[in-house]
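Contents: one structure, followed by commentary.
The values are calculated or read from the model by the stated rules, or taken from the named source; none is laboratory data. In this text, all values refer to a predicted model and were calculated from it rather than measured experimentally. Cβ atoms come from the backbone with ideal geometry, glycine included; neighbour counts cover every protein chain shown. Just the protein is used for accessible areas: all its heavy atoms, side chains included, with ligands, DNA and RNA removed. Shrake-Rupley method; radii C 1.70, N 1.55, O 1.52, S 1.80 Å.
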Amino acid sequence: MKIGVLGAGMAGLAAAALLARQGYAVTVLEKAFYPGGSAGFYMRKGKRFPAGATILFGLEPGGLLDELFRPLELGLRPRPLAHPMDVVLSDRTVRVLAGRDEWEQELRRAFPERGEAVLRFWRRLATIAESVHELTRAEPALPLRRAYQLGRLPVLLLRRPELAARLGRYSLWTVGQLLRRCGLEDYRPLREFLDLQLMDAAQVGAEQAALLPASLALDIYRRGSFALPGGTGELAEALEARLLADGGELRRREEALRLEPADGGGWVAVTRRGEHRFDAVVNATGRLELGLGQPDAAAASPPSEEADGSFGAEPLPETGLPGLPADVGGWGAVRLDLRLGAEAFAGTGAEPPPELAHGLPFAWQIKPSPANAALIGDLEGPVYATLHPEEDGERLLTVSAHAPAAGWTGLQRSEYAARKRELSRALREEAARVVPALRGMGEPAGEAGTPATYERFIGKARVGGTPMTVREAILRPRGLFSGQPRLYLAGESVYPGPGTLSSALSGGYAARAVMREQPLR
Ligand SMILES: Cc1cc2nc3c(=O)[nH]c(=O)nc-3n(C[C@H](O)[C@H](O)[C@H](O)COP(=O)(O)OP(=O)(O)OC[C@H]3O[C@@H](n4cnc5c(N)ncnc54)[C@H](O)[C@@H]3O)c2cc1C
C-alpha cells in the first residue's frame, strides 16, 4: 500500500512516521529543502535559524504528543520551561509560570485591582481546560463522519458523564462570555493579556475565541511547555529519521504541483521532476486547492455576510496571493531574526532572563504601540520576541508578529524593500523594550521575513492556522476528509488549535483514517 504525504511540516511528518511504523510504504513530497515547515529551520552562513515555532506543548509524560509519538520512540530530550515568557502589557508585565500555585500568586500580583475575581475566572477556565484535555486524550476527530473518529470518547463519557454536561454547557461559549459571567468584561488589563495570548494560540482575541479549545490553549503552560536543545527543528529531524528507518522516503525540494485521479483508484502527484502514483494521499501542505482537496462543498463556498465577523470568515481581498482558496482563513507572519553578541545585556542595567543561563529560550509577548501595530497591520496581537541560548558567543533574537497575508506580492522591488525596512524598524523598536541593548547597537546582522517569504519557502503566506472561533472549531470544523476518496487533509489549515500540538495531532488523525480505511493486508 503506497501512501503519499504532501508536506513535511509537523502534520505531514507525524502522519508519515506513524504510517511507516505500521508498515505502509510512505513517500513524503516536500517543497522546501529542510523538513519541519513553520516548526523547522533555515540556514544562513552556516547558522541555523528557527522558521517559526520555539515552544512545544504536550510532551510531558502522558501528554498529548508524548502519547501520539510513543510508538515512534523518538528519543527526544524535551526541557520543561518553568517560566517560558513574560507578557508585556501597556501598563504592566505578567510572568507566565508553569507551577499552578506560582501562577495563582502571579495573577494576584499582576492584577491587584481585581485579584480575587481574576483568580475565580482562571480557576473556572482551568476546570474547563481539564475537561477539554481529557476529551482530547480520547482522540475524537471533528467533524465526526465515521464511527472510528469517536476514538475512546464513548467509553470516557460513560465513565465520566459530568464531562459531557460541562463540555455541552460551554460548547458555544467564547472566552468573552466567560469574562462577562465573571464580571470582568470591563477590566482592561486582563482582556489585554487574554487577547495577546489568544492571538498567538487561537488567531483571534477573547471576544471571538471558542471557550473550549481556548481554555486549553490559555492554561496549557500549567501542563508544561518545552524546548528542545537543538530547537524545534530537532523534532522534525527525529520524525524524518524515524520515517527513513521504517523504510519511508522524504523527497526534498519536490513540490506537488497537482493531484490527478489515478486509473483504478488512488492519486497521481505531479511534480516538476515526474509523477508519483499513490493508493492514498494525505495533503498536509495547507494548499487545499491541490488536487480537488476542498474540504467539502459547504466549506468551499464563500462565507456568508452574517458570519461571525472574525477575520477568518472574510474572503481574501482581490489583491490576495494567487493560488490560495478564499475559504482558508488565517494570518500571515512578519519576522526579524537578529544575532546579538553574548554581551547584549551588559551595561544596559537590564538583567537577562535567568532561563538563558540554563540554556533555555525565553520569550516576550509585547503589546505594541498603536503606531507600530498599525504599521504591522494587526491591532490586537502581540509582537513576539524570543531570545535563544548562546551559541558560538552569540544569541539569536527572533521577533515576529501577525500581519495580513495579502498585499505583499505584486510590489515593485524597491517598494517591497522599503516596506520591509519599515517593518524591521517597528519590530526592532518593540523588541528594544525588552532587550534594551538593541537601542544602541547600530544595525546588527539580521534577516527580515514577510508573508511573501513564507509563500516562497513553504508555499503558503498564511501561517497562523485556522482561527479558533466557535464556527471554525465547533460548529463547522474543516477536519480531515477532503470530500474525495482516499484523499485526507491535515495541518493547521484544517485543524484549529495551538500550533505544533494541533498540527501533529491532526497528522495522527489522518494516519488513523488511512489505517482504518486502507488497511494493510
Ligand atoms: C513565527 C511563528 C512562530 C510560531 N511559534 C510557535 C510556537 O512557539 N509554538 C507552537 O506550537 N507553534 C508555533 N507556531 C505555529 C506552528 O509552527 C505551526 O502551527 C505548525 O508548525 C504548522 O504545521 P503544519 O504541518 O500544519 O504546516 P507547515 O509547517 O506549514 O507545513 C507545511 C509543509 O508543506 C510544505 N509544502 C507546501 N506546499 C507544498 C507543495 N505544494 N508540495 C510539497 N510540499 C509543500 C511546506 O514547505 C511545509 O514544509 C509558530 C508559527 C510561526 C509562523
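In table form, for the structure just shown:
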quantity	calculated
Two-decimal log10 I(q)/I(0) for the range 332-458, as the Debye equation yields it once each C-alpha is a single scatterer, q = 0.09 Å⁻¹	-0.26
Rounded to whole Hz, the Karplus (6.51, -1.76, 1.60) HN-Hα couplings of the range 249-259, x for glycine and proline	9, 10, 9, 6, 6, 10, 6, 6, 8, 6, 10
Calculated FRET efficiency for the pair Ala147/Leu411, C-beta based, R₀ 45 Å, to 0.05	0.35
Arg92/Ala165 FRET efficiency (R0 30 Å; Cβ-Cβ; nearest 0.05)	0.20
Relative contact order of the range 194-247, defined on C-alpha pairs under 8 angstrom at six or more residues apart (%)	23
Spherically averaged projected area in nm², based on the convex hull that wraps the Cα atoms of the range 383-521	13.0
Amide proton proximity set for Val28, modelled H, under 5 Å, gap of 5+	Val5, Glu249, Leu250, Arg251
Area of Ser38 that stays accessible when all protein chains are in place (1.4 Å probe, Å², to 10)	30
Straight-distance crosslink candidates among lysines, where the alpha carbon sits under 23 Å from Lys420 and sequence neighbours closer than 8 are dropped	Lys45, Lys47, Lys367, Lys460
nm² value of the averaged projected area, convex hull over the Cα atoms of the range 100-223	7.9
Estimated distance in nm for a label pair at Lys45 and Arg421, the labels positioned 7 Å out from Cα along Cα-to-Cβ	2.0
Accessible area per residue, Å², the chain with all protein chains present, probe 1.4 Å	40
Portion, in percent, of the accessible area of the chain that falls on carbon or sulfur, probe 1.4 Å	52
Pair Arg109, Gln22: separation of 7 Å Cα→Cβ label points (nm)	4.8
Other-chain or far-sequence residues with amide H under 5 Å of Tyr42's (modelled H)	Phe49, Ala51
In the range 134-223, the trypsin sites (Lys or Arg not before Pro) that fall in loop regions by DSSP, at most 13 other Cβ within 10 Å	Arg145, Arg146, Arg152
Taking the C-alpha atoms of the range 178-253, convex hull volume expressed per residue in Å³	159
Residues whose placed amide H lies under 5 Å from that of Gly491, excluding near-sequence neighbours	Ser506, Gly507
Kirkwood estimate for the chain, i.e. one over the average of 1/r between Cα atoms, Å	23.3
Contour excess over end-to-end distance, with Cα ends at Leu172 and Met441 and 0.36 nm allotted per residue	91.9 nm
